[in-house]
Amino acid sequence: MAEIRLEGIRKTYTSRSRDVRAREVKAVLPLDLLITDGEFVTILGPSGCGKTTLLSMIVGAVPPSGGRIRVDGVDVTDADPRERDMAMVFQNYALYPSKTVRGNLEFPLRMRGIPSASRTQRVDEMAKLLGLTALLDNYPRQLSGGQQQRVALGRALIRRPKLFLMDEPLSNLDATLRLQMRTEIRRLHRELPVTTVYVTHDQSEAMALSDRVVVMHQGAVSQMDTPEGIYQRPANLFVAGFVGAPAMNLLPVSLASSGRNMGCTLNGGSVAAILRPRVPLAAGGGVLGIRPKHVEWQPSVGRTQGPWMSSTVLETDDTGDDTLFYADVGGQAVTVLERRGRAVAVGDAIAIRFPEESVHLFVDGNRVEMEDVPVSANVV
Amino acid sequence: MQVRRWVRWVPPKLALALYLLFALIPFGWMLTASLEPQTSLYRAHLSLLPNPLTLINYRALFTANPVAGTDFPRYFLNSLIVVCCTVVLAVLVAVPAAYGFSRYRFFGKDAMLYGILLQSIFPLVNFLIPLYILMQDLGLLNTYASLIIAYLTFSLPLNIWILKSFFDGIPTDMEMSARLDGASAWRAFVEIAIPPAMPGIVATAIFTFILAWDEYLYALTMISTSSMRTLPLGIFAYFSEGVPNWSGLTATAIAMSIPVIVVFLVLQKYFIAALTKGALKY
Amino acid sequence: MWRERLAGLPYVMPAVLVVIAVMSYPFLYCIYLSFRATPSYTTETHFAGLANYGAVLNDPVFLNSLLITVTWTIGSTVFDILLGMGAALLVNQLTWFRGPIRAALMLPYIVGYVIASYAWLWLYQAEYGLINELLTSWGVLSHPISLLSSLTWALPAVILVNIWKTAPFAMIMFLAGLQSIPEQTVMAAELDGASKTRAFFEIKLPYLRRVIIITSVVMTLQNFNTFTIPYIMTSGGPLNHTEIVSNYIYNDAFTNLDFGGAAAASVVVMIILMVFAVLYVGSLTRRQPGVV
């Protein structure tokens, strides 16, 4: 267990490509990150965002192009992976096929010269912790995916490394198993609070497991915050659209100020919301974000008035638990999640409203902070 | 930390350098000898640099020397004809065979396939005696045909093995959709299945080339007239004199190596890819 | 694959016919010949029962050649595997010049047995060969010797030539094997604290088991069946010390003109090889859960 500090870590790949522009690929832009002792940090992002490269640099498989890595103050940037006292769980488990489960679990201890009696005891403890006691004499080939993953976890944790790294460990498992293992990992972290860095593209995993989330996009850090912060206060368009399923609606609006208030108008002409930014904005364009579950709607009766906008249902998607539907608001498609079981049919005329407290505004890609003002002040 | 890195780096590179030396010195030594006049060979010297440098031995290659029984151009031509015909025929025979074994089921298929592969565990001498008698009876001794037939056959087990694994690795989807589009089985084979198998076919050609170019035993047995000799036999002529003519011999050896080396260097990725596939197939 | 039972036959027929004509028929004819006496003065043969086999199996020259061949085969194959594995490990680590170095190391294999024989004949040459030059200038020898005429050194000398020529094949096979080892598993071993050697023996080697077995079998067969190197370099001498089985059969047939005897010897060799092949196919198909 240790404190990990990344200072200015970056990675650039240079190739001798004919296309001059493609020559320098900035896989990871300079970043600083402090992970406190025992913290569970997830690096979240789509494929190609640099998260695996970052992990590889931390573990020592890829040398950074710049920056330092410190473990408990010790600079390990030039050290071999062997010497960093880190452990890793891979997407495809990377178990030793010629050894039994016991052999796999024992291996790190043997390599560090730990005597036999002590080894056996620790292996038995770890097996009990992970529910593997009955499988100790089996070979990896005889185990299911979930069992193999648990052996991989055990092998990594058995020597109490300073840092525990996981590279998309649940991606190869089917959906039910993935949820189960997620709980397992959370439980393990409670029992053995090792400093952990977890890499994934699955935002629900990140939300469920982490103390903090680092969202990466095209090599750069988009936002570094608690899961709650990422979800409720996305710092930019990328995080807003990436976190949360179904994805947040991101609707282009034009902004016009009237006094301290700012009116956001959709392309079709409807006024979507009236907001009060902390810092006054110039008129212009922006993007309005609202999560499908926050969109309020009701069947249309007569003319719409006030903050309500008239709309027609385009498509519905009934998943059994909820209904997701797409509504046309003045030419703009809005995704709405209906959780109370009300019936929706294609072609229905409905009215839609975006409650101000649930609306996010982005200008030039970045979040605009709003004043905390009671809703009534924004009624027109 | 950096010093330790360097110390660990050196021994492997040294070992590799030694092996490289071991692999290449024989060529270098032969090359040197071939570039020196005969007289300078007979003094002891330990240098890789020809001294004095001369091309006289190579020039001598191009003139036949009936007294010594050496006729490089003729032997080269013989080898070329035999080997090229062998390669072409080997490909023509092996490719459909491998395809047939890969794609079809028929009575006796396993017996035929394993029968073919099985024969390759026996030494070539075993087939030699009966074949010699057979060729004698057919009047094919001292002809290109005798060698071509033999080489073609001996290359088949390996070629079919390589090609079959290539065909096995190509999904049948495209051929099936071609058949559905109305193509005959043969057309599907030629136009759809063969193109993706080209690397394997090239590898097969290379293997056969290397095998046939170097083959000695059958050439020795089937060919007795000096005008029909292939290169492996031709080199031996330099030994027939009392003191072997090392200059001529090394020059001939180098000249004989060049075509094979060129073929390999140009097409090496196919060669290595095929061997790699074979290694991992199991 | 399609069920037209006969449709596949035309594709394989040319190959099958050629093999039957050129290999199967001689194979059977060889067996036939082995039971017949073949006096050299006539083409007539008559049935001779097991006389040829008796002669061959009691012939000290034949038994000697078997011994020499076994020594040759084991010596060559063992060092082929070791050298090939070593070279593969070294080449696998290379980042620059990997292609050219690999190509250079393959050259001995590519140029063939004939060139190998003549190149090393020149190296071993009694007066001016490189080997002699080096050994005399390093003081190991007082005067140049002819290695190939030495009763003790001739066999090792030709085995060395065979190793030189055949090891690159092993190298390529092992390179392929090494590249098929999952990188992440090796990284896991490194993180677990394994040193390079321990990682090789405990983690990598199990992955290489199959390729090692296959390469060993293939090379054993290839080496056992060689003809060219001893024939060109020493003609089986001195005093049959480098005469391997192929040379024996050839000499029996074309020098002694005893086709029947040579055929019998061929059959004995075939039986030995078939037994060997069967034994080794067995070890390939064995599949325990802990075997990769």
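Quick grid of which residues meet (1) at pLDDT below 90; (2) more than 9 Å from chain A (Cβ to nearest Cβ); (3) in contact with a strand residue (DSSP E or B) (Cβ under 8 Å, 6 or more places away or on another chain); (4) crowded, with 22+ Cβ neighbours inside 10 Å:
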{"site": "C:195", "(1), (2), (3), (4)": "yes, no, no, no"}
{"site": "C:200", "(1), (2), (3), (4)": "no, yes, no, no"}
{"site": "C:209", "(1), (2), (3), (4)": "yes, no, no, no"}
{"site": "C:217", "(1), (2), (3), (4)": "yes, yes, no, no"}
{"site": "C:227", "(1), (2), (3), (4)": "no, yes, no, yes"}
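Within the range A:282-332, which residues are free of Cβ contacts under 8 Å to residues at least 60 places away in the same chain and basic (Lys, Arg)?
If the condition is that a residue be free of Cβ contacts under 8 Å to residues at least 60 places away in the same chain and basic (Lys, Arg), then A:293, A:303 are the ones that fit.
With the structure loaded, tell me whether residue A:45 is of a type outside the set (A, V, I, L, M, F, W, C), touching a Ser or Thr at 6+ places or on another chain (Cβ under 7 Å) and either under 16 Å from residue A:214 (Cα atoms) or surrounded by fewer than 18 Cβ atoms within 10 Å (Cβ to Cβ) (or both) or whether it fails that test.
Details: of a type outside the set (A, V, I, L, M, F, W, C): yes; touching a Ser or Thr at 6+ places or on another chain (Cβ under 7 Å): no; either under 16 Å from residue A:214 (Cα atoms) or surrounded by fewer than 18 Cβ atoms within 10 Å (Cβ to Cβ) (or both): yes.
Taking the combined requirement at face value, the residue does not satisfy it.
Residue-wise test of (1) over 23 Å from the mean Cα position of the chain (by Cα); (2) modelled with pLDDT of 90 or more.
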| residue | (1), (2) |
| --- | --- |
| A:4 | no, no |
| A:18 | yes, no |
| A:41 | no, yes |
| A:50 | no, no |
| A:68 | yes, yes |
| A:87 | no, yes |
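Across the range C:164-186, which residue is nearest to the other protein chains (Cβ to nearest Cβ) among those that are more than 24 Å from residue B:270 (Cα to Cα) and either in contact with a strand residue (DSSP E or B) (Cβ under 9 Å, 6 or more places away or on another chain) or among the aliphatic types (A, V, I, L, M) (or both)? Outline the logic, then answer.
Going through the range C:164-186, the residues more than 24 Å from residue B:270 (Cα to Cα) turn out to be C:183-186.
In the following step, the residues that additionally are either in contact with a strand residue (DSSP E or B) (Cβ under 9 Å, 6 or more places away or on another chain) or among the aliphatic types (A, V, I, L, M) (or both) were identified as C:184, C:186.
Working: C:184: 4, C:186: 8 Å.
Across the range C:164-186, the extreme among qualifying residues is C:184.
Of the residues that sit in the range C:127-136 and are within 11 Å of chain B (Cβ to nearest Cβ) and closer than 21 Å to residue B:24 by Cα, which one is modelled with the lowest pLDDT? Lay out the reasoning, then the answer.
At the first step, the residues of the range C:127-136 found to be within 11 Å of chain B (Cβ to nearest Cβ) are C:127-134, C:136.
Retained after the next criterion (residues that are closer than 21 Å to residue B:24 by Cα): C:128-134.
Values: C:128: 71, C:129: 76, C:130: 78, C:131: 78, C:132: 77, C:133: 74, C:134: 76.
The qualifying residue modelled with the lowest pLDDT is C:128.
Failed condition for residue A:213, given (1) under 22 Å from residue A:336 (Cβ atoms); (2) touching a Pro at 6+ places or on another chain (Cβ under 6 Å); (3) outside any helix (DSSP H, G or I); (4) of a type outside the set (Phe, Trp, Tyr), with all others met?
(1)
Looking only at the range C:48-97, count every residue that is within 11 Å of another protein chain (Cβ to nearest Cβ), without any contact (Cβ under 8 Å) to a residue 40 or more places away in the chain and not small (Gly, Ala, Ser) and tell me the total. Steps first, answer last, please.
Here is the first cut: in the range C:48-97, the ones within 11 Å of another protein chain (Cβ to nearest Cβ) are C:69, C:83-84, C:86-94, C:97.
When the remaining residues are screened for being without any contact (Cβ under 8 Å) to a residue 40 or more places away in the chain, the result is C:86, C:90, C:93-94, C:97.
Applying the additional criterion that residues be not small (Gly, Ala, Ser) yields C:90, C:93-94, C:97.
Residues meeting the conditions: 4.
Could you please find all residues in the range B:222-235 being buried (at least 22 other Cβ atoms within 10 Å of the Cβ) and either out of contact with any Ser or Thr (no Cβ under 8 Å at 6 or more places or on another chain) or under 15 Å from residue B:255 (Cβ atoms) (or both)?
B:229, B:230, B:231, B:232, B:234, B:235
Against the definition (touching a residue at least 24 places away in the same chain (Cβ under 8 Å) and at the interface with another protein chain (Cβ under 10 Å from one of its Cβ atoms)), how does residue C:189 come out, yes or no? Before the answer, list the steps.
Working: touching a residue at least 24 places away in the same chain (Cβ under 8 Å): no; at the interface with another protein chain (Cβ under 10 Å from one of its Cβ atoms): yes.
Considered against the rule, which asks whether it is touching a residue at least 24 places away in the same chain (Cβ under 8 Å) and at the interface with another protein chain (Cβ under 10 Å from one of its Cβ atoms), residue C:189 comes out as no.
Where residues in the range A:345-376 are among the charged types (D, E, K, R) and in a loop (DSSP other than H, G, I, E, B), which of them is surrounded by the most Cβ atoms within 10 Å (Cβ to Cβ)? Steps first, please.
Our first condition is that a residue be among the charged types (D, E, K, R); within the range A:345-376, this holds for A:348, A:353, A:356-357, A:364, A:367, A:369, A:371-372.
With the extra rule that they be in a loop (DSSP other than H, G, I, E, B), the set shrinks to A:348, A:364, A:369, A:371-372.
Values: A:348: 16, A:364: 11, A:369: 11, A:371: 12, A:372: 8.
Ranking the qualifying residues of the range A:345-376, first place goes to A:348.
With respect to residue B:142, is the statement that it is farther than 25 Å from residue B:199 by Cβ and either buried (at least 24 other Cβ atoms within 10 Å of the Cβ) or over 15 Å from the mean Cα position of the chain (by Cα) (or both) true? Working first, answer last.
Working: farther than 25 Å from residue B:199 by Cβ: yes; either buried (at least 24 other Cβ atoms within 10 Å of the Cβ) or over 15 Å from the mean Cα position of the chain (by Cα) (or both): yes.
When the stated conditions are applied, residue B:142 passes them.
Given (1) surrounded by fewer than 23 Cβ atoms within 10 Å (Cβ to Cβ); (2) under 29 Å from the mean Cα position of the chain (by Cα); (3) facing another protein chain (nearest Cβ under 9 Å); (4) within 22 Å of residue A:4 (Cβ to Cβ), identify the lone condition not met by residue A:76.
For residue A:76, the failing item is (3).
I'd like to check something: does the range B:119-127 contain any residue that is within 23 Å of residue B:276 (Cα to Cα) and touching a residue at least 40 places away in the same chain (Cβ under 8 Å)?
No, the conditions are met nowhere in the range B:119-127.
Among B:256, B:228, B:222, which is the only one that is of a type outside the set (Asp, Glu) and out of contact with any Leu (no Cβ under 7 Å at 6 or more places or on another chain)?
Numbers: B:256 fails: out of contact with any Leu (no Cβ under 7 Å at 6 or more places or on another chain); B:222 fails: out of contact with any Leu (no Cβ under 7 Å at 6 or more places or on another chain).
So the residue among B:256, B:228, B:222 that is of a type outside the set (Asp, Glu) and out of contact with any Leu (no Cβ under 7 Å at 6 or more places or on another chain) is B:228.
Within the range C:58-74, identify whether any single residue is surrounded by fewer than 19 Cβ atoms within 10 Å (Cβ to Cβ) and among the small types (Gly, Ala, Ser), and answer yes or no.
No, the range C:58-74 contains no residue that is surrounded by fewer than 19 Cβ atoms within 10 Å (Cβ to Cβ) and among the small types (Gly, Ala, Ser).
Is it the case that residue A:170 is out of contact with any Phe, Trp or Tyr (no Cβ under 9 Å at 6 or more places or on another chain), within 14 Å of another protein chain (Cβ to nearest Cβ), closer than 26 Å to residue A:225 by Cα and at pLDDT 90 or above?
Spelling it out, it is not the case that residue A:170 is out of contact with any Phe, Trp or Tyr (no Cβ under 9 Å at 6 or more places or on another chain), within 14 Å of another protein chain (Cβ to nearest Cβ), closer than 26 Å to residue A:225 by Cα and at pLDDT 90 or above.
Counting only residues that are of a type in the set (A, V, I, L, M) and in contact with an Asp or Glu (Cβ under 8 Å, 6 or more places away or on another chain), which one in the range A:335-369 is modelled with the highest pLDDT? I'd like the intermediate steps shown before the answer.
Taking the range A:335-369 and keeping what is of a type in the set (A, V, I, L, M), we get A:336-337, A:343-346, A:349-352, A:359, A:361, A:363, A:368.
Add one more test, that the residue is in contact with an Asp or Glu (Cβ under 8 Å, 6 or more places away or on another chain), and what stays is A:337, A:344, A:346, A:352.
Working: A:337: 91, A:344: 86, A:346: 88, A:352: 88.
The selected residue is A:337.
Restricting attention to the range A:54-74, which residues are free of Cβ contacts under 8 Å to residues at least 60 places away in the same chain and assigned to a helix (DSSP H, G or I)?
Residues satisfying the conditions are A:56, A:57.
Take the residues in the range B:236-266 that are more than 10 Å from chain C (Cβ to nearest Cβ) and touching a Gly at 6+ places or on another chain (Cβ under 8 Å); name whichever of them is surrounded by the fewest Cβ atoms within 10 Å (Cβ to Cβ).
Per the criteria, the residue is B:240.
Name every residue in the range C:75-89 that is under 15 Å from the mean Cα position of the chain (by Cα), crowded, with 18+ Cβ neighbours inside 10 Å and of a type in the set (A, V, I, L, M), in order of residue number.
Result: C:81, C:83.
Name, by its number, the condition in (1) more than 26 Å from residue A:159 (Cβ to Cβ); (2) part of a strand (DSSP E or B); (3) not aliphatic (A, V, I, L, M) that does not hold for residue A:42.
So the condition that residue A:42 fails would be (1).
Condition first: surrounded by 22 or more Cβ atoms within 10 Å (Cβ to Cβ) and outside any strand (DSSP E or B). Now tell me which residues in the range A:79-94 satisfy that. Working first, answer last.
To start, the set of residues in the range A:79-94 that are surrounded by 22 or more Cβ atoms within 10 Å (Cβ to Cβ) comprises A:86-90, A:93-94.
Within the range A:79-94, A:90, A:93, A:94 qualify.
In the list B:32, B:39, which residue meets the criterion of being farther than 14 Å from residue C:108 by Cβ and within 26 Å of the chain's Cα centre (by Cα)? Steps first, please.
Working: B:39 fails: within 26 Å of the chain's Cα centre (by Cα).
Only one candidate qualifies: B:32.
May I ask you to verify whether residue A:195 is buried (at least 16 other Cβ atoms within 10 Å of the Cβ), modelled with pLDDT under 90 and over 21 Å from residue A:145 (Cα atoms)? Talk me through it step by step, then tell me what you get.
Details: buried (at least 16 other Cβ atoms within 10 Å of the Cβ): yes; modelled with pLDDT under 90: no; over 21 Å from residue A:145 (Cα atoms): yes.
No.
Can you tell me which of B:108, B:139, B:100 is out of contact with any strand residue (DSSP E or B) (no Cβ under 8 Å at 6 or more places or on another chain), more than 8 Å from every other protein chain (Cβ to nearest Cβ) and modelled with pLDDT of 85 or more? Reasoning before the result, please.
Working: B:108 fails: modelled with pLDDT of 85 or more; B:100 fails: more than 8 Å from every other protein chain (Cβ to nearest Cβ).
After ruling out the rest, the residue left standing is B:139.
For residues that are touching a Ser or Thr at 6+ places or on another chain (Cβ under 6 Å) and within 7 Å of chain C (Cβ to nearest Cβ), tally how many sit in the range B:111-136.
3
The values are calculated or read from the model by the stated rules, or taken from the named source; none is laboratory data. On a predicted model such as this, the values are computed, not experimentally measured, just so you know. Cβ sites come from the backbone with ideal geometry, for glycine too, and all protein chains shown count toward neighbours.
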